[in-house]
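Everything on this sheet refers to the single structure shown next.
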Amino acid sequence: MLPAAALLLVFLTYPLGLGVWLGFTDARIGRPGIFIGIENYEYLWSDAVFWLSVFNTLLYTISASILKFALGLWLALILNQNLPFKSFFRAIVLLPWVVPTVLSAIAFWWIYDSQFSILSWALQQMGLIDHRINFLGDPENARASVIAANVWRGIPFVAITLLAGLQTIPQSLYEAATLDGASRWQLFRYVTLPLLTPIIAITMTFSVLFTFTDFQLIYVLTRGGPVNATHLMATLSFQRGISGGQLGEGAAIAVAMIPFLLAAILFSYFGLQRRKWQQGGGD
Amino acid sequence: MASVAIDEVYKSFGAVEILHGVSVNIEDGEFVTLVGPSGCGKSTLLRMIAGLEKISRGQIAIGERVVNNVAPKERDVAMVFQNYALYPHMTVAENMAFSLMLKGVSKPESDAGVRRAAEILGLVPLLARYPRQLSGGQRQRVAMGRAIVRDPAVFLFDEPLSNLDAKLRVQMRAEIKELHQRLKTTTVYVTHDQIEAMTMADKIVVMHDGIVEQIGPPLELYDRPNNLFVASFIGSPAMNLLRGEIATGGSPSFRGAGGISVPLASALSIPNGEPVVLGIRPEHLRLSDDQGIPVIVAVVEPTGSEVQLIGRTAGGEEIVANFRERHSFTPGETIRLTAEPSLIHLFHGETGQRFQTRTDQ
Ligand SMILES: Nc1ncnc2c1ncn2[C@@H]1O[C@H](COP(=O)(O)OP(=O)(O)OP(=O)(O)O)[C@@H](O)[C@H]1O
Ligand SMILES: [Mg+2]
């Protein structure tokens, strides 16, 4: 038992510890750094690009999470109804999630291509726009585009977990509420939503963590551009630390993500505590 | 309050028809139980009254209004579910107030309504608890409270006691009956337990495989079952049934397997040799010294208030007899049992329909 625990501790904490340590050094690739205190952080504090990446990360995480939640819940509600070909649709919904991220990112890269974008083409054919949209070349468009790609990729996880949650709500509660006089909206508001909140809390915590630390999509689609408009903390950390060779600085950016992640975990820890109505005896 | 008229109602799930033309009239204020074996369509019929299942054919009226196309919430019925279906995220008080809240009843008025129902059911100390923090019997009471708060035209119960232990079931049975005597709301109560049906109902509807076998007050069903199904379903221990035929030579009698002969009431209009099933309730059998059906004693079960005897006739058919007196029997001995001819039931050997006897009129 003890050796296993020790092993686990080493495996889990060594990379983290090393990362934190690197953040306090001026290590470069191929040169072990020396301790320089919080110099990296002081530098980042006055670095506009770093702050832009913080802003981008928050914008990306918050807007993508809200969209994923709204669309995922909507999809889960639809899939929970008695549709024909139910299991077929459920399988289809999972697709964006099982496709390797890099592959879907490449697909989006093609969809957003400034010359051959199928989206632009379709909108042009419908007569909605008169010239091609510069999806990834314009800062605002690029932000919206990467958020849309992330939402597309993240919806299945939200939809399927919420669907699993919906299926645990007994049908008789809906029947009882119907007899009590509830409309469809009131069924959702007073039965579905409150009974689903524990699952929503778990799902959205994971979704926020995934989104906050997202790297692959951005790296394939924009590499942080144009003019850093889509740089997230994760991509900036990689660019500075690995591509740019400034290991210490890259590590410091990554370490700067930890407070945000801790805040998210704490938030969910309190959000996830068993609600009063979930406590007490069996069923 | 309202009457409920169920008229030639059919129900199919896909291609499978499970109710084949059911008609029941329920008077205003009546307590009616639907009873029958598992799968006979009791819950389905109840859910059709509530509006939770569509009516395939026929019609159901509540009061003067045909409700076939009326939404559940417009029907003014309250239902108590087998699993109670309490909202787990609401306290007892909130559960009971939910329907009032949806109706837009003011808070003080709704509080007063909840309070009144809670007092009737002894739920006042539990109002702030959540369903998970209640025992089975308490949940059951909350489910009833939720129904009475609404003061509906009709109460529907679907096997509300089947999740409770035997003792609590007897207690709740009395409570529900008392509640009905107090509120006088029309009640339809589904159960597969015939004792529950007998003890609670003004009127029993016996169902079997999607049809109604018989409708009547409990004692009428007990004393004059229309057919073999009702005869064997109502009553515990069940009625003894012996197969045989009618012999009309001299005074009419029943001749059964193993040379059994049972004298019947004299004015009998059944032809000689007709195959019949003879039915005798266990408590109607008497000990006799020299005549009656010879029975070999198999098991004797004294319960204190009575002695139950299980034996076998010479034809190998099982017979159960109940005696209020404390006879002592030894397994293996042969005794003789008789019954008053007026207490004997006769059913047609093939159709199972009852032959009317003189005492029926
Ligand atoms: N939604 C449904 N789809 C298909 N068949 C159904 C459905 N609901 C009920 N049935 C069938 O209808 C028949 C009657 O069911 P119902 O639930 O009314 O029986 P019940 O008399 O209440 O039995 P129990 O005492 O076991 O509750 C059963 O054979 C059941 O399989
Ligand atoms: Mg049932």
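The values are calculated or read from the model by the stated rules, or taken from the named source; none is laboratory data. Quantities reported herein were computed from a predicted structural model and do not represent experimental measurements. Cβ atoms come from the backbone with ideal geometry, glycine included; neighbour counts cover every protein chain shown. Quick note on the areas: whole protein, heavy atoms, side chains included, nothing else; ligands and nucleic acids left out. Shrake-Rupley method; radii C 1.70, N 1.55, O 1.52, S 1.80 Å.
So, in the stretch B:55-80, of the ones that are away from every other protein chain (no Cβ under 14 Å) and open to solvent by 40 Å² or more (accessible area, probe 1.4 Å), which residue ends up nearest to residue B:23 (Cα to Cα)? Explain how you work it out, then say what you get.
Quick first cut of the stretch B:55-80, residues away from every other protein chain (no Cβ under 14 Å) only: B:55-61, B:63-66, B:68-69.
Going one step further and asking which of them are open to solvent by 40 Å² or more (accessible area, probe 1.4 Å), we end up with B:56-57, B:59, B:64-66, B:68-69.
Details: B:56: 14, B:57: 12, B:59: 9, B:64: 16, B:65: 16, B:66: 14, B:68: 15, B:69: 18 Å.
If we take residues in the stretch B:55-80 being away from every other protein chain (no Cβ under 14 Å) and open to solvent by 40 Å² or more (accessible area, probe 1.4 Å), then B:59 is nearest to residue B:23 (Cα to Cα).
No other residue among B:71, B:112 is of a type in the set (A, V, I, L, M, F, W, C) and either within 16 Å of ligand 1 (Cβ to nearest atom) or more than 30 Å from residue B:192 (Cβ to Cβ) (or both) apart from B:112.
Among the conditions (1) modelled with pLDDT of 90 or more; (2) open to solvent by 10 Å² or more (accessible area, probe 1.4 Å), the only one that residue A:191 does not satisfy is (2). State whether one or more residues within the stretch B:39-52 are surrounded by fewer than 18 Cβ atoms within 10 Å (Cβ to Cβ), part of a strand (DSSP E or B) and within 16 Å of ligand 2 (Cβ to nearest atom). The answer is no; no qualifying residue exists.
Here residue B:87 fulfils each of the conditions (1) of a type in the set (Ser, Thr, Tyr); (2) closer than 30 Å to residue A:190 by Cα; (3) open to solvent by 20 Å² or more (accessible area, probe 1.4 Å) apart from (3).
Kindly indicate the residue of the stretch A:152-186 that is β-branched (Val, Ile, Thr) and under 12 Å from residue A:75 (Cα atoms) and also farthest from the other protein chains (Cβ to nearest Cβ) among those meeting that condition.
To start, the set of residues in the stretch A:152-186 that are β-branched (Val, Ile, Thr) comprises A:155, A:158, A:160-161, A:168-169, A:178.
Filter once more, keeping what is under 12 Å from residue A:75 (Cα atoms): A:155, A:158, A:160-161.
Details: A:155: 27, A:158: 22, A:160: 23, A:161: 19 Å.
Looking at residues that are β-branched (Val, Ile, Thr) and under 12 Å from residue A:75 (Cα atoms), I get A:155.
For first residues located in the stretch B:198-210 and within 16 Å of ligand 2 (Cβ to nearest atom), partners that are aromatic (Phe, Trp, Tyr) and assigned to a strand (DSSP E or B) and lie 6+ apart or on another chain with Cβ distances below 9 Å form the pairs B:210/B:10. Among the numbered conditions (1) over 18 Å from the mean Cα position of the chain (by Cα); (2) in contact (Cβ under 8 Å) with a residue 60 or more places away in the chain; (3) buried (at least 23 other Cβ atoms within 10 Å of the Cβ), the only one that residue B:191 does not meet is (1). Selection within the stretch B:99-135: residues that are at the interface with chain A (Cβ under 10 Å from one of its Cβ atoms) and touching a residue at least 12 places away in the same chain (Cβ under 8 Å). The member of this set that is nearest to residue A:180 (Cα to Cα) is B:99.
With respect to the stated conditions, residue B:145 fails to be of a type outside the set (S, T, N, Q) and on the phi > 0 side of the Ramachandran plot.
Considering only residues in the stretch B:169-188 that are basic (Lys, Arg) and in contact (Cβ under 8 Å) with a residue 60 or more places away in the chain, the one that is most open to solvent (accessible area, probe 1.4 Å) turns out to be B:182.
Which condition breaks for residue B:159 when tested against (1) at negative phi; (2) surrounded by 15 or more Cβ atoms within 10 Å (Cβ to Cβ)? The one condition residue B:159 does not meet is (1). Exactly one residue among A:129, A:118, A:133, A:147 is crowded, with 16+ Cβ neighbours inside 10 Å and modelled with pLDDT under 90, and that residue is A:133.
When the stretch B:8-46 is filtered for residues that are touching a residue at least 24 places away in the same chain (Cβ under 8 Å), within 10 Å of ligand 1 (Cβ to nearest atom) and of a type outside the set (Gly, Ala, Ser), the ones remaining, listed by number, are B:11, B:17, B:18, B:19, B:34, B:35, B:37, B:40, B:42, B:44, B:45, B:46.
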